[in-house]
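The values are calculated or read from the model by the stated rules, or taken from the named source; none is laboratory data. Please read these numbers as outputs of a predicted model, since none were measured by experiment. A quick note on method: Cβ atoms are made from the backbone with ideal geometry, for glycine too, and the neighbour counts reach across all protein chains shown.
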Amino acid sequence: RPLPPARVMAETEGREVGFAVDEEGWVVGAYLVGDAKAPTAVVLAADAAGWRAPGVRRFARKLARDGVLVATPDLWRGDTWHGDPSPSKRGGAAFDQWAKEHPAELAAKDMASVVTALRERGATRVACVGVGWGAGAAAAALLSGQPGVDGAIDAGAIACPLGVSVKTLARAMGGTAPCVLVWGGGDAIGAAARRAAEEEAGVE
């Protein structure tokens with residue numbers, strides 16, 4: 001559904017809005033920042049710490065500086081991970097249970113609803129950026145439809161993915177929508193996974 005015009009504002013600090021994501025009327029919150037009239041929008045799939053994490057909002061504001069509208073939806077539906085924020089310390093039964101209850105497929109469906117709403121309010125191009133645990137949602141969204149149509153993604157970027165198989169990353173990179181895969185320069189495990197995904201996707 002399109003957002004009411006009064007709630008879509010070109011702000012440098014952003015504001016919280018709501019998106020209806022299913023037929024039952026479930027509404028997820030979202031942090032919206034950037035040019036409300038921009039033809040290009042970006043949906044940011046945050047890591048497990050969620051859409052209200054200060055670092056996530058700083059990143060969204062940086063993306064918006066390029067003249068796009070950035071939406072960071074609450075893909076975990078109010079149940080973000082409140083344990084140790086360090087990805088290297090997310091082992092154990094508690095995080096495993098949280099991850100099981102927040103599958104990438106459900107997050108991708110919510111993301112598609114947000115993309116549809118952004119298109120209805122005038123965006124002609126919609127990209128996604130998935131970070132950490134949000135990478136699975138971004139990969140699933142990239143594989144879910146034809147670019148430029150309804151809730152489908154036109155292009156994507158996946159950064160430091162967690163909980164995503166090499167095969168899924170390869171499919172996302174080799175799909176119809178262009179996708180770039182990014183890891184930190186000092187992440188040897190991530191670099192090896194990236195090379196494996198690129199090889200499987202046929203990227204030279």
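Scan (1) surrounded by 13 or more Cβ atoms within 10 Å (Cβ to Cβ); (2) out of contact with any Ser or Thr (no Cβ under 7 Å at 6 or more places or on another chain); (3) at pLDDT below 90 for the single condition GLY130 breaks and write down its number.
(3)
For ASP96, all conditions in the list (1) free of Cβ contacts under 8 Å to residues at least 12 places away in the same chain; (2) within 15 Å of ILE153 (Cβ to Cβ) hold save one; what is the number of the exception?
(2)
Within segment 152-167, work out how many residues are touching a Cys at 6+ places or on another chain (Cβ under 7 Å) and part of a loop (DSSP other than H, G, I, E, B).
Count: 1.
Quick one: is ALA177 assigned to a loop (DSSP other than H, G, I, E, B), hydrophobic (A, V, I, L, M, F, W, C) and at pLDDT 80 or above? Let's see the steps before the verdict.
Values: assigned to a loop (DSSP other than H, G, I, E, B): yes; hydrophobic (A, V, I, L, M, F, W, C): yes; at pLDDT 80 or above: yes.
When the stated conditions are applied, ALA177 passes them.
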